[in-house]
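Undergrad: Below you'll find the structure I mean.
The values are calculated or read from the model by the stated rules, or taken from the named source; none is laboratory data. Just so it is clear, the model here is predicted, and its values are computed rather than measured. Note: ideal-geometry Cβ built from the backbone for every residue, glycine included; neighbour counts use all protein chains shown. The area values use the complete protein model at the heavy-atom level, side chains included, leaving out ligands, DNA and RNA. Shrake-Rupley method; radii C 1.70, N 1.55, O 1.52, S 1.80 Å.
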Amino acid sequence: MTTFPLDHRPPHIAPDEWALRVKLAALYRVVDLLGWSELVINHITVRVPGPDRHFLINPYGLTYDEVTAGNLVKIDVDGNKVEPSEYPVNPAGFVIHSAIHQAREDAHAVIHTHTTAGVAVATKRHGLRHDNFYAVQLYGQVAYHDYEGLSIRLGEQPRLLADVGDKPCLILRNHGLLTTGRTLAIAFFNMWRLQRACEIQVLTDAMAGEDVTVPDAIARTNVLDANNFGEDGTVADKFFEGMVRKLNRQDRGYAH
């Protein structure tokens with residue numbers, strides 16, 4: 001079990017929100033540790049507990065390893081700040097996230113990346129093939145949305161939502177990867193598998209010889225098994241907490 005350091009909570013922030021802030025800041029550092037960050041752009045967002053439709057997002061202009069629980073910015077569904085913050089927010093960068101957060105009650109957390117392997121697969125017409133260990137775990141779980149330029153126009157949102165449907169993973173063609181989850185851990189687990197699937201496919205495509213396909217029936221069974229590995233339903237938590245323990249051995253600054 002991972003212990004998230006919560007002892008730096010400011011008095012004006014509720015305990016449940018602070019705990020979520022610490023986990024989100026840790027995830028930003030984990031994504032950076034894995035080499036998935038993209039300087040100061042892209043986002044990981046999470047819905048704040050409570051009746052208000054508020055979300056936490058990274059301060060625009062900071063690198064992922066500069067994100068802390070305290071400098072995360074609370075915003076509304078339009079990307080506007082709802083509490084004072086010395087940091088700006090990039091509302092345009094929240095267009096994709098806000099659409100999914102509003103339409104999907106299960107999408108409490110959303111991660112978007114521009115990794116090299118992710119963009120490479122997103123640029124291929126055939127997209128992701130479900131023929132490697134990680135890709136088959138996402139069989140039937142990946143949606144696609146055509147590129148419409150920089151995602152800064154609200155008019156794109158209905159088309160994006162129609163494309164993603166109820167899938168936990170979205171490949172934004174020519175653009176990158178996106179995953180969702182009821183928790184930050186689930187969104188991270190989905191992104192881990194999608195990213196690894198893309199990395200392996202890129203390498204496989206560079207090799208000579210015919211690929212071995214996976215029968216659809218085995219792939220469908222694999223999806224259920226992978227999400228419940230160990231039969232206690234906490235495989236996503238184990239992945240995330242393992243990476244946070246690694247992070248804690250190097251850097252606990254995210255918890256301030």
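Undergrad: Among residues other than N248 whose Cβ falls under 11 Å from its Cβ, what is the net charge (Lys/Arg +1, Asp/Glu -1)?
TA: +3
Undergrad: Compute the convex hull volume of the Cα atoms of segment 47-91, divide it by the residue count, and report the result per residue in Å³ as a whole number.
TA: On the way: hull volume 3.3 nm³, N = 45.
About 72 Å³ per residue, rounded to a whole number.
Undergrad: Continuing with the same structure: Counting only DSSP beta bridges with both residues in segment 128-222, what percent are antiparallel, rounded to the nearest 5? Numbers along the way, then the final one.
TA: Details: 4 of 8 bridges.
If we restrict to bridges inside segment 128-222, about 50 percent are antiparallel.
Undergrad: From zero up to wherever the largest Cα-Cα distance of segment 97-235 sits, split into 5 Å bins and tell me the percent of pairs in each.
TA: Binned Cα distances yield the sequence 2, 10, 19, 23, 20, 14, 7, 3, 1, 0.
Undergrad: Still on this structure, I have one more. Can you tell me the accessible area per residue over the chain, all protein chains present, probe 1.4 angstrom, in square angstrom?
TA: 48
Undergrad: First compute the accessible area of segment 17-75 with a 1.4 Å probe, then give the percent of it belonging to carbon and sulfur atoms.
TA: That fraction is 52 percent.
Undergrad: Around P10, with a cut-off of 15 angstrom between Cβ atoms, what is the net charge of the other residues, counting Lys and Arg +1 and Asp and Glu -1?
TA: Neighbourhood net charge equals -2.
Undergrad: If I model segment 109-188 as equal point scatterers sitting on the Cα atoms and use the Debye formula, what is log10 I(q)/I(0) at q = 0.11, 0.12, 0.13 Å⁻¹?
TA: Each listed q maps to, in turn, -0.27, -0.33, -0.38.
Undergrad: Provide, in order from the shortest bin, the percent of all Cα-Cα pairs of segment 176-226 in each 5 Å bin, continuing until the bin that contains the maximum pair distance.
TA: Over segment 176-226, the share of Cα pairs per 5 Å bin runs 5, 16, 17, 23, 21, 12, 4, 1, 0 percent.
Undergrad: In what sequence, highest mean first, do 148-156, 173-181 appear when ranked by Cβ atoms within 10 angstrom?
TA: 173-181, 148-156
Undergrad: Could you sort 158-167, 59-68 so that the peptide with the highest average Cβ count within 10 Å comes first and the rest follow in order?
TA: Details: 158-167: 15.1, 59-68: 17.8.
Sorting 158-167, 59-68 by mean packing, highest first, produces 59-68, 158-167.
Undergrad: Counting only protein heavy atoms, what percent of the accessible surface of segment 171-256 is carbon or sulfur at a 1.4 Å probe?
TA: 55
Undergrad: I'd like the projected area of the chain, averaged over all directions, using the convex hull of its alpha carbons. Report it in nm² with one decimal.
TA: For the chain, averaging the hull's shadow over all directions gives 14.1 nm².
Undergrad: A further question follows. How many angstrom lie between the Cα centre of segment 1-76 and the Cα centre of segment 153-206?
TA: If you average the Cα positions of each part, the centres end up 20 Å apart.
Undergrad: Per DSSP H run of n ≥ 4, the term is -39500 (n - 2.57); total these for the chain, divide by its residue number, and report the mean residue ellipticity at 222 nm rounded to 500 deg cm²/dmol. Before the final figure, lay out each step's value.
TA: Values: 7 runs with 92 residues, N = 256.
About -11500 deg cm²/dmol.
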